[in-house]
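Q: If you scroll down you'll find the structure; I have some questions about it.
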Amino acid sequence: MKQFGIGQPIRRVEDRRFLTGHGRYLDDVAQPRQAHAVLLRSPHANARLRTLDTSAAAALPSVLAVLTGEDLARDGIGTIPCMTGLTNRDKSAIAMPPRPALAQDWVRHVGDAVAMVVAETAAAARDAVEQIAVEYEPLPAVVDTAHALDPGQPAVWDEHPGNLCFDWEVGDDAVVQRASASAAHRVSLTLVNNRVVANSMEPRGALGQYDPGEDSYTLWSSTQGSHFLRNLLAEHVFKMPENRIRVVTPDVGGGFGMKLFLYPEHVLVLWAAKRLGRPVKWLPDRSEAFMTDTQGRDNVTRLDLALDQELRFTGLSVEILANMGAYLSNFAPEIPTFSGAVMYSGVYAIPAIHVAVKGVFTNTVPVDAYRGAGRPEAAYALERLIDVAARRLAVPADELRRRNFIKPAAMPHTTPLGLVYDSGDFARNMSDALTAADAADFTARRAEARARGHYRGLGHAVYIEQSGFPPDEFAELRFDPAGTLTVLMGSQSSGQGHQTAYAQLAAERLGLPFHQIRVLQGDTAIIGFGRGTGGSRSLPVGGAALVHAADKLVAKGKKIAAHMLEAAEADIAFEDGAFAITGTDRSVTIEAVARAAFNPAQLPPGLEPGFAESGHFTPPAPTFPNGCHVCEVEIDPETGVIEILRYLVVDDFGTVINPLLLRGQVHGGIAQGVGQAMLERCVYEEGSGQLITGTLTDYALPRAEDLPALEFSYNVVPCRTNPLGVKGAGEAGAIGAPPALVNAVVDAVGELGIDHLDMPLTPERLWRALRDATARKAA
């Protein structure tokens, strides 16, 4: 194993600049003559815009412009697109209403922007916003996912009465119905997957600049993919060549999916910069982020499971209502459908599955990908259903799962929903996790807790997800004449440790020490192409592209080394950073070859100078990370407070590049999953559509004290769909944690007749459930 190569727990090299205060985030970026933008946002969730008077604001000192939706339309600025390829089950087009960067005539959620003030300072712009006079005609709002399609509900869009965005399905309903009709047992469950707010440590922001001499724009923003934003801005918004738009992403303080998308503010700062001839910057506060960042989850799901006499699963029917919010974000319809619905096979050999998904409009902030993007919703629903089935059928939950696991010998396994699992040993993960959790002796621990008046529960969940999926990703390896290497990647780090992981791959493949490798991301003027970061694609797809580029460099290096060593190319071998003549001690380092590559006199005839190669990799199929989470909890019935006593995970991520980075990704995902399961819930007021949980005073995030020391281990089952054997890991913790925690809590209180509780399991909600169940039992 090489010192800096694959499998080494190397500490993150990027942390030096972060810990010493030398990170460069968007707030640190400033341009000469920079102006500041503040947006006037609607206080109503559904209202007509009757009048908008900006004259008083425009007359204030330091105010440079007050811009409205009419100005936007007059300048021909395009709307923000939804990029879905989804169609309805009858193949008709889904509802795709326009989303302008500033509202015109109508506002559709609290926080919808109606005007923008640009001033010399942010304080002056905030003062001016308060002087804009707006006359609204407030109307009733619809916010509840479960009732958005009910007759008589307010319409979010007059053009789409009834609030139905799409009606989609996958699987064979007829086969499932036959399985249900002949089933020995049927178990049904309806549950809610609660809406959450991403709450990245660094809020979003945008800084726009226009160069009239080049007729070009530059956008600085905290994103998950510079090239993706550039493409949308060029094609859909400004309708100009891509090479006239540069997008720069500095360091990013968390994204979780939310920073992948094109937002109105990206459009507005560029548009305003051109109108004013000055750079324009917008930075939100936390409350503004609550009203404008895409939110996550928000599904209501009904499941019906059919089982035979031996408790084998024979059919599964799933019906999902998925909240899209007021507008369609870039990929919103993809999340509950192509991303999530196809995962309802889980790790089980279910012969027939049908999933129907209806997307609904509501007067709420748009919803899109949030860590896991559809896969956590599917895993939660399925793993809760199986625990409920085990309880109702009086069989241990692990035994019910074990009877129905897909066996390793069945790989590759094609699910009824069209995915092909290439690898995995699900029973081994569960067995290892339950053994580590000392599940065999749990009964004694439960009895001890009951003797103290507390409830104790042990729950587990087994998950699988799709990640590292197509299309392609890009990498370029570029040596300079001094023999040092720059790695240019099309993905984007938002805290994962890409600089370290990519350098490890380059070190492994090329035999270079870390100090000679520099990793660059996030600038479309420097990096030729990229898809950005999402779906845990960075190592399985971006890393494979890097390896492909490295192999091309080695191939070129062999030609140069053969010329330098006066040998035949076929006799040259490359290992540990050196080209050598096979069977001799004559060799030349890759650094020396790189330096020679820039000297035409040292090159073989016909070979172009320079030492750089690029690589693309398109995976033939996704990777399928999987694992088992085990959670042990204790509940105080007097307060409803849950204490997580132990939390263990056994995962399968295929080949592990850096165990330390991997552990960090899993720990962070678990924290977010526990947050959703136990604390987080985005609440809108019925009727008015007001965001009740609009600040961190009202919206609870997990803290260190909410989690025990997390116990993490892994089994290595390399995947077969990329040359590294790597399976994506960034989202897995958030997928397994919610069902594991809820299963544990329900196990703790099951003796009271409770077999399901919806997230989040806040102390109040749990206390009320315990009180009501105790009263029922006493009666």
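The values are calculated or read from the model by the stated rules, or taken from the named source; none is laboratory data. Since we're looking at a predicted model, the values are computed, not measured. Don't worry about glycine lacking a Cβ; one is built from the backbone with ideal geometry, like all the others, and counts go over all protein chains shown. For accessibility, only protein heavy atoms count, side chains too; no ligands or nucleic acids. Shrake-Rupley method; radii C 1.70, N 1.55, O 1.52, S 1.80 Å.
Q: For the range 7-113, what % of the accessible area comes from carbon and sulfur atoms, probe 1.4 Å?
A: Working: 2650 of 5400 Å².
The C+S portion of the solvent-accessible surface of the range 7-113 is 49 percent.
Q: About its Cα centre, what dipole magnitude does the range 57-179 give when the only charges are +1 on Lys and Arg Cβ and -1 on Asp and Glu Cβ, stated in debye to the nearest 20?
A: Value, rounded to 20: 300 debye.
Q: Let me ask something else. Please calculate how many Å² of accessible area the range 478-548 carries per residue, with a 1.4 Å probe and no DNA, RNA or ligand atoms counted.
A: Averaged over the residues of the range 478-548, the accessible area is 28 Å².
Q: To continue, here is another question. Would you work out what percent of the accessible area of the range 725-779, with all protein chains in place, is carbon or sulfur (probe 1.4 Å)?
A: Solvent-exposed carbon and sulfur of the range 725-779 make up 53 percent of the total.
Q: Ratio of alpha-carbon Rg to the 2.2 N^0.38 Å globular estimate for the range 464-541, to two decimals, please. Write down the numbers at each step before the final one.
A: Working: Rg = 12.8 Å, N = 78, 2.2 N^0.38 = 11.5 Å.
Ratio of Rg to 2.2 N^0.38 Å for the range 464-541: 1.11.
Q: Oh, and also: How big is the Cα convex hull of the range 669-779 in projection, averaged over all directions, in nm²? Before the final figure, lay out the partial values.
A: Working: hull surface 44.7 nm².
The Cα convex hull of the range 669-779, projected and averaged over all directions, gives 11.2 nm².
Q: In the range 374-474, what trypsin sites (Lys or Arg not before Pro) fall in a loop by DSSP, with at most 11 other Cβ atoms inside 10 Å?
A: 452
Q: Could you work out, for the range 194-262, what percent of all Cα-Cα pairs fall into each 5 Å distance bin, beginning at 0 Å and stopping at the bin that holds the largest distance?
A: 4, 17, 26, 22, 14, 10, 5, 2, 1, 0
Q: Got a sec? Charge dipole of the range 144-235, +1 on Cβ for Lys and Arg, -1 for Asp and Glu; which of 175, 203, 189 is way out at the positive end?
A: 189
Q: Hey, can you find the accessible area per residue of the range 96-157 for me, probe 1.4 Å, expressed in square angstrom?
A: With all protein chains present, the range 96-157 gives 40 Å² per residue.
Q: Taking the alpha-carbon distance from residue 777 and a cut-off under 12 Å, which aspartates and glutamates remain once sequence neighbours fewer than 8 residues away in the same chain are dropped?
A: Partners found: 751.
Q: So, one more: Output the peptides 376-382, 319-325, 248-254 sorted from most to least packed, where packing is the average of other Cβ atoms within 10 Å over each peptide's residues. Walk me through the intermediate numbers first.
A: Numbers: 376-382: 29.4, 319-325: 24.7, 248-254: 20.1.
Packing proxy ranking, top to bottom: 376-382, 319-325, 248-254.
Q: Across the Cα atoms of the range 263-343, what radius of gyration and what greatest pairwise Cα-Cα distance (Dmax) are found, in Å?
A: Looking at the range 263-343, its Cα Rg and Dmax stand at 21.2, 74 Å.
Q: Can you give me the Kirkwood hydrodynamic radius for the range 415-524, using every pair of distinct Cα atoms, in Å to one decimal? If you can, show how the numbers build up before the last one.
A: On the way: mean 1/r = 0.0522 Å⁻¹.
Radius from the Kirkwood sum: 19.2 Å.
Q: Also, I was wondering about something else. Under 17 Å Cα-Cα from residue 239, which lysines qualify once same-chain neighbours fewer than 8 residues away are excluded?
A: In chain and number order, the partners are 274.
Q: Under 4 °C and 1.567 mPa s, how fast does the range 358-406 diffuse according to Stokes-Einstein, given a Kirkwood radius computed over C-alpha pairs? Answer in µm²/s, whole number.
A: 98
Q: Residues in the range 65-80 near a label at residue 239, defined as backbone nitrogen under 15 Å from the 7 Å Cα→Cβ point?
A: Counting backbone N atoms under 15 Å from the label point, the list is 72-80.
Q: Under the definition of Cα pairs under 8 Å and six or more residues apart, what whole-number percent is the relative contact order of the range 622-779?
A: Details: 269 pairs, mean separation 57.5, N = 158.
Value for the range 622-779: 36 percent.
Q: I would also like to ask the following. Convert each backbone phi in the range 230-247 into a coupling constant with the Karplus relation 6.51 cos²θ - 1.76 cosθ + 1.60 (shift: θ = phi - 60°), then list the ³J(HN,Hα) values in order as whole Hz, x for Gly and Pro.
A: Along the range 230-247, the couplings run 4, 4, 5, 4, 6, 7, 9, 9, 9, 6, 9, x, 4, 6, 9, 10, 10, 10 Hz.
Q: Report the residues of the range 77-92 in range of a label on residue 149: point 7 Å along Cα→C-beta, backbone N strictly under 16 Å from it.
A: Output list for this probe position: 87-92.
Q: Follow-up. Taking a cut-off of 16 Å, what percent of all Cα-Cα pairs in the range 299-366 are separated by more than that?
A: On the way: 1186 of 2278 pairs.
Tail of P(r) above 16 Å: 52 percent of Cα pairs.
Q: A further question on this structure: How large is the accessible surface per residue of the range 1-47, computed with a 1.4 Å probe and reported in Å² as a whole number? Mind dumping the intermediate values first?
A: Working: 2830 Å² over 47 residues.
That works out to 60 Å² per residue.
Q: Just in the range 685-754: which trypsin sites (Lys or Arg not before Pro) are loop by DSSP and have at most 12 other Cβ atoms within 10 Å?
A: 703
Q: Which shape class, rounded, prolate or oblate, goes with the range 9-147 when its Cα gyration tensor gives a ≥ b ≥ c as root eigenvalues, a/c under 1.5 marks rounded, and past that a/b bigger than b/c marks prolate?
A: On the way: a/c = 2.12, a/b = 1.12, b/c = 1.90.
Here the range 9-147 falls in the oblate category.
Q: Round to a whole number: what % of the accessible area of the range 368-482 belongs to carbon and sulfur, probe 1.4 Å?
A: 56
Q: Let me ask something else. Can you tell me which of 734-746, 764-776 comes out highest on packing, and rank the rest after it, using the mean Cβ neighbours within 10 Å?
A: 734-746, 764-776
Q: Consider the candidate values [x] 33.8, 108; [y] 35.6, 112; [z] 27.8, 96; state which one is Rg and Dmax of the Cα atoms in Å computed from the structure displayed.
A: Matching the structure shown: [z].
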